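For reference, the structure is listed below as structure tokens.
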């Protein structure tokens, strides 16, 4: 059986933690920051763990997500 191909866009955007959860950067930080509140910008820093329904979708695109 051939190797499963990784979706290149997914491997650049998501990381899998040791426990199998999916980490991703916050949305809404690319442009238009002037209209966002300072609280939003602080909370959107760094990475966050995706919710279980979203993680289930992303895992289909990553070969080590199974």
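The values are calculated or read from the model by the stated rules, or taken from the named source; none is laboratory data. Just so we're clear, the structure is a prediction, and the values are computed from it rather than from any experiment. Here the Cβ positions follow ideal geometry from the backbone for every residue, glycine too, while neighbour counts run over all protein chains shown.
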Tally, over region 40-64, of residues that are free of Cβ contacts under 8 Å to residues at least 12 places away in the same chain, more than 11 Å from the chain's Cα centre (by Cα) and not in a helix (DSSP H, G or I): 1
Cβ pairs under 6 Å, 6+ apart, first in region 5-17 and more than 16 Å from residue 56 (Cβ to Cβ), second outside any helix (DSSP H, G or I) and modelled with pLDDT under 95: 6/63
Of all residues making up region 21-39, the number that are within 28 Å of residue 61 (Cβ to Cβ) and without any contact (Cβ under 8 Å) to a residue 40 or more places away in the chain: 11
Single match in 10, 24 (criterion: part of a strand (DSSP E or B) and surrounded by 13 or more Cβ atoms within 10 Å (Cβ to Cβ)): 24
Residue 29 being under 17 Å from residue 8 (Cα atoms), out of contact with any strand residue (DSSP E or B) (no Cβ under 9 Å at 6 or more places or on another chain) and modelled with pLDDT under 95: no
